[in-house]
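One structure is given below, encoded as structure tokens.
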Amino acid sequence: MSTFIQLHLLTSYPPANLNRDDLGRPKTAVMGGVQRLRISSQSLKRAWRTSDLFQDKLSDHLGIRTKDMGYKIREALVSGRSLDTVLKGQKTDGDKEKLPAGKAKEIALAIAGVFGKLKSATKEHPDSDLEIEQLAHASQEEIKAISDLLESIRKTGRVPDDNELNLLRKKIKAVDISLFGRMLASSPDFNVEAAAQVAHAITVHKVAVEDDYFTAVDDLNKGEADMGAGHIGETEFAAGLFYLYICINRDLLLNNIQNDEALAGKTIQALTEAAATIAPIGKQNSFGSRAYASYILAEKGRKQPRSLSVAFLKPVTGTDIVSDAVSSLESTLNNIDKVYGSTSEGKYQVNTAKGEGRFKDLLEFVALPLSQNNDKED
């Protein structure tokens, strides 16, 4: 039986448009017969994965997700720079062997094709065949394998053979791939099952999306000829208290990262801290809608996991929404435990509305394996 770590978070965002639909409006969903605001799991995971927090804590174990690997490999070969330098966007002068563009492209096509089917070139875009059709997630180990291969063939400019193109790795320690998974349609043996399941965040109460009519003033317009605004626009926004549920299969995460216990603990802590403190980036410059979670409940155990979203099937109403939401969530958890028996073997919570718990202790709790459970309960 796997060990599961479940996180339940309540985070309040002021007026914002954190995650837009195809019309530019905040994403919504109907739950309990009323409209709620919604933030997709894709938006959340990208914000966490690309955050400074993840970079600071896990930088040596983060992969790269891109369609443009072919372009980057060609750039490295033509410019004489290392692949790592190119991927980081650094413009230092290359001190390595430089290859003609044609030969560099031939090599790049062979290597990029390992990570997925390439697009077809067209008259309008003759180099589009360097692009992979689907986003491919490469681990640090695979990036190093590509870099080593490029170093070995730079001087001769030869195209690598089939044996040298065995660049995909099953044994990796890329925590972003391990947490959120990887699918390589053309090489399914190297797929990675995601160890973390992230629900769409949804408001615990009914929400109406509002329109913001705004103008911008031309600084040089003194109103002598034209009193009108320099720009007129309209955007949509809404505010709400969101419930977010995350489930981490700790055993699967360990398996994905080659049973590195220390790295597993660091990864779970980083994901927990990111979920609590990192907001989606949508329209942040316009709204500045950054927030920390007001309430976090962490659970640990071997029983089948379950979301507590049913606590908010009936919309929360009243003036103290945070306290009412916490009460509804905790009441639902207690009732589930009465019916099914205890559904976790340890839990810890923090509540900023009451100043209860310490986030440092919560991070310690989620990092420890179940066998070392410190049985913190608040």
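The values are calculated or read from the model by the stated rules, or taken from the named source; none is laboratory data. All of these numbers come straight from a predicted model, not from anything done at the bench. Glycine also receives a Cβ, built like all others from the backbone with ideal geometry; neighbour counts cover every protein chain displayed.
Out of (1) touching a residue at least 24 places away in the same chain (Cβ under 8 Å); (2) exposed (fewer than 15 other Cβ atoms within 10 Å of the Cβ); (3) outside any helix (DSSP H, G or I), what's the single condition that is false for residue 92?
Answer for residue 92: the failing condition is (1).
For region 74-90, which positions are at negative phi and among the small types (Gly, Ala, Ser)?
Correct list: 76, 79, 82.
Counting just the residues of region 121-160 that are modelled with pLDDT of 90 or more and among the small types (Gly, Ala, Ser), which one comes out farthest from residue 256 (Cα to Cα)?
In this case the residue turns out to be 121.
Considering only residues that are under 25 Å from the mean Cα position of the chain (by Cα) and β-branched (Val, Ile, Thr), which ones fall in region 147-189?
172, 175, 177
Tell me the residue from 328, 289 that is crowded, with 19+ Cβ neighbours inside 10 Å, of a type in the set (Gly, Ala, Ser) and part of a loop (DSSP other than H, G, I, E, B), please. Lay out the reasoning, then the answer.
Working: 328 fails: part of a loop (DSSP other than H, G, I, E, B).
Step by step, each of 328, 289 is checked, and only 289 is crowded, with 19+ Cβ neighbours inside 10 Å, of a type in the set (Gly, Ala, Ser) and part of a loop (DSSP other than H, G, I, E, B).
Just wondering, is there one or more residues in region 266-275 that are farther than 30 Å from residue 325 by Cβ and assigned by TED's automatic domain parsing to the domain that holds residue 305? Walk me through how you get there before you give the answer.
Within region 266-275, the first condition is being farther than 30 Å from residue 325 by Cβ, and the residues that meet it are 266.
Then keep just the ones that are assigned by TED's automatic domain parsing to the domain that holds residue 305; that gives 266.
Yes.
Of the residues that make up region 10-22, is at least one charged (D, E, K, R), without any contact (Cβ under 8 Å) to a residue 60 or more places away in the chain, farther than 22 Å from residue 248 by Cα and surrounded by 16 or more Cβ atoms within 10 Å (Cβ to Cβ)? Before the answer, list the steps.
Step one: of region 10-22, the residues charged (D, E, K, R) are 20-22.
Now narrow it down to the ones that are without any contact (Cβ under 8 Å) to a residue 60 or more places away in the chain: 21-22.
Next, only the ones that are farther than 22 Å from residue 248 by Cα stay: 21-22.
Subsequent filtering for residues that are surrounded by 16 or more Cβ atoms within 10 Å (Cβ to Cβ) retains none.
No.
Only one residue in 129, 95, 68, 60 is among the acidic types (Asp, Glu) and closer than 30 Å to residue 269 by Cβ. Which one? Step through it out loud before you land on a result.
On the way: 129 fails: closer than 30 Å to residue 269 by Cβ; 95 fails: closer than 30 Å to residue 269 by Cβ; 68 fails: closer than 30 Å to residue 269 by Cβ.
One residue alone meets the criteria, 60.
So residue 336 fits all but one of (1) surrounded by 16 or more Cβ atoms within 10 Å (Cβ to Cβ); (2) under 20 Å from residue 206 (Cα atoms); (3) β-branched (Val, Ile, Thr); what number is the exception?
Here residue 336 clears every test but (2).
Which condition from (1) farther than 24 Å from residue 361 by Cα; (2) of a type in the set (Val, Ile, Thr); (3) part of a helix (DSSP H, G or I) is the one that residue 268 breaks?
Among (1) farther than 24 Å from residue 361 by Cα; (2) of a type in the set (Val, Ile, Thr); (3) part of a helix (DSSP H, G or I), residue 268 violates only (1).
Sort out for me the strands (runs of 3 or more DSSP E) sitting completely within region 156-265 that have 2 or more residues that are without any contact (Cβ under 8 Å) to a residue 24 or more places away in the chain and either under 30 Å from residue 28 (Cα atoms) or of a type outside the set (Val, Ile, Thr) (or both). Step through it out loud before you land on a result.
Details: elements: 196-198, 201-203, 210-216, 231-249.
Ranges flagged: 210-216, 231-249.
One residue is enough: does region 367-376 have a residue meeting the conditions touching a Leu at 6+ places or on another chain (Cβ under 7 Å), of a type in the set (Gly, Ala, Ser) and modelled with pLDDT under 95? Walk me through how you get there before you give the answer.
Quick first cut of region 367-376, residues touching a Leu at 6+ places or on another chain (Cβ under 7 Å) only: 374.
Within this subset, residues satisfying the condition of being of a type in the set (Gly, Ala, Ser) are none.
No, because not a single residue in region 367-376 is touching a Leu at 6+ places or on another chain (Cβ under 7 Å), of a type in the set (Gly, Ala, Ser) and modelled with pLDDT under 95.
Out of 316, 350, 366, I need the residue that is part of a strand (DSSP E or B) and in contact with a helix residue (DSSP H, G or I) (Cβ under 6 Å, 6 or more places away or on another chain). Which one? Walk me through how you get there before you give the answer.
Values: 316 fails: part of a strand (DSSP E or B); 366 fails: part of a strand (DSSP E or B).
Going through 316, 350, 366 in turn, the sole match is 350.
Go through (1) out of contact with any Ser or Thr (no Cβ under 7 Å at 6 or more places or on another chain); (2) hydrophobic (A, V, I, L, M, F, W, C); (3) within 20 Å of residue 51 (Cβ to Cβ) and name the single condition residue 257 misses.
All conditions are met except number (1).
In this structure, does residue 360 turn out to be of a type outside the set (Phe, Trp, Tyr), modelled with pLDDT of 95 or more, in the same structural domain as residue 292 (by TED's automatic domain parsing) and part of a loop (DSSP other than H, G, I, E, B)?
Working: of a type outside the set (Phe, Trp, Tyr): yes; modelled with pLDDT of 95 or more: yes; in the same structural domain as residue 292 (by TED's automatic domain parsing): yes; part of a loop (DSSP other than H, G, I, E, B): no.
Criteria not met by residue 360.
Quick grid of which residues meet (1) closer than 22 Å to residue 159 by Cβ; (2) crowded, with 21+ Cβ neighbours inside 10 Å; (3) in contact with a helix residue (DSSP H, G or I) (Cβ under 8 Å, 6 or more places away or on another chain):
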residue	(1), (2), (3)
5	no, yes, yes
31	no, no, yes
57	no, no, yes
60	no, no, yes
71	yes, no, yes
77	yes, yes, yes
85	no, no, yes
97	yes, no, no
104	yes, yes, yes
